[in-house]
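Below is one structure, written out as structure tokens; the observations come after it.
The values are calculated or read from the model by the stated rules, or taken from the named source; none is laboratory data. All values derive from a computational prediction rather than experimental measurement. Cβ coordinates were reconstructed from backbone atoms using ideal geometry, including for glycine residues, and neighbour counts include every protein chain displayed.
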Amino acid sequence: MKSALLKTLAAATAAATLSVSGFLITAAAQSDQQPTHAELVQHWAEAALDAQLKGMKTSLGLTADQEKDWAQFESAVRDGGKARLVALQKEQGDNLSAMDRLTAKADRYAQSGANLDKMVEAAKPLYASLDATQKHKFIALGRMLVPERGRFAKAIRRLSVGGGDEHSGE
């Protein structure tokens, strides 16, 4: 099963790389002006997240009923990714003092926790409908979607406490 997960992650990384290079070629062809660093970072982050979500969804092998709950989870993950990128760009601004930079970092950490809570809340209906194998894959692949990998895995495992899921004690 680990080799299948590694293959999925490798495919997702390749897809993200191709998406970014396609964007760069298209952007250069459409304009004489090169995209800014912030625009490149934004498009790279979006492409990487797209690839990760597609790989995760494919690897889970969702049923038609489970597909209905996927959209809510995917939306929460995308919203969290966008907020994280905006917060990082704010934190790395050129005109910030050391204290302003620390304050921006603290704000990003607080926002990150709130976004993780939203992702977990959105994942509840989907996670409840997954079988044991899918739940294991969901935790393994889902934790790669966020910087708070350990917190994500712990929060998702808590969903199954009392539900008889063998992953709750890991």
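A few notes on this one:
- Within the stretch 56-170, helices (runs of 4 or more DSSP H) holding 2 or more residues that are in contact (Cβ under 8 Å) with a residue 40 or more places away in the chain: 64-91, 98-129, 132-142
- Any hit, the stretch 79-94, residues being farther than 24 Å from Ile139 by Cα, charged (D, E, K, R) and out of contact with any helix residue (DSSP H, G or I) (no Cβ under 9 Å at 6 or more places or on another chain): yes
- Number of the condition not met by Ser160 [criteria: (1) more than 18 Å from Glu46 (Cα to Cα); (2) under 17 Å from the mean Cα position of the chain (by Cα); (3) buried (at least 19 other Cβ atoms within 10 Å of the Cβ)]: (2)
- Number of the exception - Met99 against (1) within 19 Å of the chain's Cα centre (by Cα); (2) loosely packed, with under 13 Cβ neighbours inside 10 Å: (1)
- Just one of the numbered conditions (1) aliphatic (A, V, I, L, M); (2) within 12 Å of the chain's Cα centre (by Cα); (3) surrounded by fewer than 16 Cβ atoms within 10 Å (Cβ to Cβ) is not true of Val41: (2).
- The one condition in (1) of a type in the set (S, T, N, Q); (2) modelled with pLDDT of 85 or more; (3) within 24 Å of Trp44 (Cα to Cα); (4) more than 19 Å from the chain's Cα centre (by Cα) that Asn115 fails to fulfil: (4)
- With respect to (1) within 23 Å of Trp44 (Cβ to Cβ); (2) modelled with pLDDT under 85, the lone exception for Gly81 is condition (2).
- Lone qualifier among Ala4, Ala11 - being modelled with pLDDT under 85, exposed (fewer than 12 other Cβ atoms within 10 Å of the Cβ), touching a helix residue (DSSP H, G or I) at 6+ places or on another chain (Cβ under 9 Å) and in a helix (DSSP H, G or I): Ala4
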